[in-house]
Amino acid sequence: MDTGIEVNNLSYDYGPKKALDDISFSAFSGKFTALLGPNGAGKSTLYHLLTRIMKLQSGQIRIFGNDLKKSPLSAMASMGIVFQQQTLDLDLTVRQNLKYFAALHGLPAQDLENRITERLKSLDIEDRGDEKVRTLNGGHRRRAEIARALLHNPRILLLDEPTVGLDVPSRKAIVDYVHMLCRKEKLTVLWATHLVDEVMQEDDLIILHQGKICAQGNVSKLSEEHK
Ligand code: ADP
Ligand code: ADP
């Protein structure tokens, strides 16, 4: 199994209190790794470090074995990101949003329409492609964001609380889709959530509390140990 993300002794503080306190973990290809923690646990801080929105203070992040600091561009190219706040342009259609993203990132124009269609199909929103994002419900908007995050065929998919504000059926659909994509495309998925019911038996789990990892490992093993 390839190691998509390796975090070693990562700490971060915004002031006297540590938002992340010496955390280490690995996330693997074809594995759905759930990062579970209540508000304030440090999930967003970790995502902001992984996506280089914030600078590392101490510790190391490796992406497929390469130090994120030393090879930031190849690392970034291998990541698809779904942020917590929605970032689609509401007045463009889903397809226009995806095309804009592709242009912005210099993705090859050849076959772009087909690739967009394939992505929308795999997320079961192909019929929404020509509708303005504003007219879509929250679940469909989320799926469009996932389609966009996957457009450059990243090997890692980072999602920061992607189901916040969705109703139960939409949440379940998205959890299921991402599990399916993870297996099918051997993606390294890191899924931050504060909802334990989004985690499945075969997943890897990291429990974060006040900046520290208090448990990690395969879900079925962890639940055995706690019986
Ligand atoms: P989560 O995403 O799990 O809710 P965060 O990473 O947002 O956790 O926050 C971790 C801790 O860092 C919290 O105590 C939070 O208040 C603090 N924190 C986050 N961002 C900032 C900031 N910009 N300035 C100061 N403290 C922050
Ligand atoms: P999240 O679930 O991402 O932690 P929050 O509502 O805690 O959401 O934070 C929203 C934004 O506010 C984030 O960008 C975070 O960095 C910032 N933030 C969180 N806590 C603090 C804080 N104590 N001081 C300043 N900024 C903060």
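The values are calculated or read from the model by the stated rules, or taken from the named source; none is laboratory data. Everything numeric in this text was worked out from a predicted model, so none of it was measured. Here the Cβ is made from the backbone with ideal geometry for all residues, glycine too, and neighbour counts use every protein chain on show. Heavy atoms of the whole protein, side chains included, go into the accessibility calculation; ligands, DNA and RNA do not. Shrake-Rupley method; radii C 1.70, N 1.55, O 1.52, S 1.80 Å.
Selection over the stretch 113-128 of residues that are assigned to a helix (DSSP H, G or I), open to solvent by 20 Å² or more (accessible area, probe 1.4 Å) and over 14 Å from LEU90 (Cβ atoms) gives a count of 10. Applying a threshold of 7 Å to beta carbon distances and a minimum spacing of six or more residues, or different chains, the list of pairs starting in the stretch 202-227 at a residue that is within 23 Å of ASP160 (Cα to Cα) and ending at one that is among the basic types (Lys, Arg) and open to solvent by 30 Å² or more (accessible area, probe 1.4 Å) reads ASP204/LYS31; GLY211/LYS18. Restricting the search to the stretch 13-32, which residues are open to solvent by less than 30 Å² (accessible area, probe 1.4 Å), over 15 Å from ASP203 (Cα atoms) and of a type outside the set (Gly, Ala, Ser)? Within the stretch 13-32, LEU20, ILE23 meet the criteria.
Rundown of residues vs (1) open to solvent by less than 10 Å² (accessible area, probe 1.4 Å); (2) within 24 Å of ASP89 (Cβ to Cβ); (3) free of Cβ contacts under 8 Å to residues at least 24 places away in the same chain; (4) of a type in the set (Ser, Thr, Tyr), yes/no style:
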| site | (1), (2), (3), (4) |
| --- | --- |
| ARG134 | no, yes, no, no |
| ARG142 | no, yes, no, no |
| LEU157 | yes, yes, no, no |
| LYS184 | no, no, yes, no |
| LEU187 | yes, no, no, no |
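Evaluating SER74 against the criteria (1) modelled with pLDDT under 95; (2) of a type in the set (Ser, Thr, Tyr); (3) not in a helix (DSSP H, G or I) leaves one unmet condition, (3).
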